[in-house]
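*Asks:* Take this structure, written in structure tokens, and hold onto it; I'll ask about it next.
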């Protein structure tokens, strides 16, 4: 594995930030890491559709994990220490996010749909060709909520690896007043991991085919949300 690829797992320096910013980044990094580790360790997961993940491995492929932004907390803990690489923004917020996910065994590529997006996609393609799995919050980083973007579709086209839609529905959670209504699981809650069938994209796909696959990803994730909500309502009732 090249040094360039290995670097996605290394926590970077803070030389471009002021002393105050460095302190804030380090505090946020540690706080979110501990929050996910402590709460995540109490969650009791149920899994449905694991055979869809196994089908990807049997094909000799690696998944492009695709999920909604507001379900990121429980999913981050469940898939920790699997070498999954994610894209984080080039902002100060992206800095502490990159640091705490790296502590959980993820890799981080800096960029977003608005800043550094093309360069980040190129690096993701390069990493996937080295056999590293990728992950996308497909409506991130700023929404609109539950509206799939084309980033994972383009990555699937360029690499031949499939998108793997999934959600983690928690029985009890706090909802943050943010654009995505981020869900923070309550300690000791139950959670349902649901993995849908993988979605492949032909390398020769044109713009219309890419849009069709984006809509397919959208519909798959919409259906997963419905299934998750039915599970939660049945648990509560």
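The values are calculated or read from the model by the stated rules, or taken from the named source; none is laboratory data. These numbers come from a predicted model, not from an experiment. Glycine also receives a Cβ, built like all others from the backbone with ideal geometry; neighbour counts cover every protein chain displayed.
*Asks:* The conditions are (1) surrounded by fewer than 17 Cβ atoms within 10 Å (Cβ to Cβ); (2) touching a strand residue (DSSP E or B) at 6+ places or on another chain (Cβ under 7 Å); (3) within 20 Å of residue 217 (Cβ to Cβ), and residue 168 fails exactly one of them. Which is it?
*Replies:* With (1) surrounded by fewer than 17 Cβ atoms within 10 Å (Cβ to Cβ); (2) touching a strand residue (DSSP E or B) at 6+ places or on another chain (Cβ under 7 Å); (3) within 20 Å of residue 217 (Cβ to Cβ) applied to residue 168, the lone miss is (1).
*Asks:* On to the next question. Considering 184, 122, which residue is in a helix (DSSP H, G or I) and either more than 15 Å from the chain's Cα centre (by Cα) or surrounded by fewer than 16 Cβ atoms within 10 Å (Cβ to Cβ) (or both)?
*Replies:* When all the criteria are applied, what remains is 122.
*Asks:* Next question, about the same structure. Taking into account only those residues within the range 95-112 that are touching a strand residue (DSSP E or B) at 6+ places or on another chain (Cβ under 9 Å) and part of a loop (DSSP other than H, G, I, E, B), which is modelled with the lowest pLDDT?
*Replies:* 112
*Asks:* Being in contact with a helix residue (DSSP H, G or I) (Cβ under 8 Å, 6 or more places away or on another chain), at positive phi, touching a residue at least 12 places away in the same chain (Cβ under 8 Å) and surrounded by fewer than 21 Cβ atoms within 10 Å (Cβ to Cβ): is that true of residue 160 here?
*Replies:* no
*Asks:* Which residues, counting only those in the range 36-64, are loosely packed, with under 14 Cβ neighbours inside 10 Å and assigned to a helix (DSSP H, G or I)?
*Replies:* If the condition is that a residue be loosely packed, with under 14 Cβ neighbours inside 10 Å and assigned to a helix (DSSP H, G or I), then 38, 50, 51, 54, 57, 58 are the ones that fit.
*Asks:* Another question, if that's okay. Go through the range 70-86 and give me each residue that's in contact (Cβ under 8 Å) with a residue 60 or more places away in the chain and within 24 Å of residue 54 (Cα to Cα).
*Replies:* Here is the first cut: in the range 70-86, the ones in contact (Cβ under 8 Å) with a residue 60 or more places away in the chain are 70-75, 78, 83, 85.
Correct list: 71, 72, 73, 74, 75, 78, 83, 85.
So that you can scan it fast, the table gives a plain yes or no per residue for (1) in a helix (DSSP H, G or I); (2) loosely packed, with under 12 Cβ neighbours inside 10 Å; (3) touching a strand residue (DSSP E or B) at 6+ places or on another chain (Cβ under 6 Å):
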{"residue": "23", "(1), (2), (3)": "yes, no, no"}
{"residue": "70", "(1), (2), (3)": "yes, no, yes"}
{"residue": "76", "(1), (2), (3)": "yes, no, no"}
{"residue": "86", "(1), (2), (3)": "no, no, yes"}
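*Asks:* Output yes when any residue across the range 30-45 is within 30 Å of residue 201 (Cβ to Cβ) and in contact with a strand residue (DSSP E or B) (Cβ under 9 Å, 6 or more places away or on another chain), and no when none is.
*Replies:* yes
*Asks:* In the set 107, 143, which member is touching a residue at least 12 places away in the same chain (Cβ under 8 Å) and more than 12 Å from the chain's Cα centre (by Cα)?
*Replies:* Matching residue, one of 107, 143: 143.
*Asks:* Is it the case that residue 228 is at positive phi, touching a residue at least 24 places away in the same chain (Cβ under 8 Å) and either out of contact with any helix residue (DSSP H, G or I) (no Cβ under 6 Å at 6 or more places or on another chain) or exposed (fewer than 13 other Cβ atoms within 10 Å of the Cβ) (or both)?
*Replies:* no
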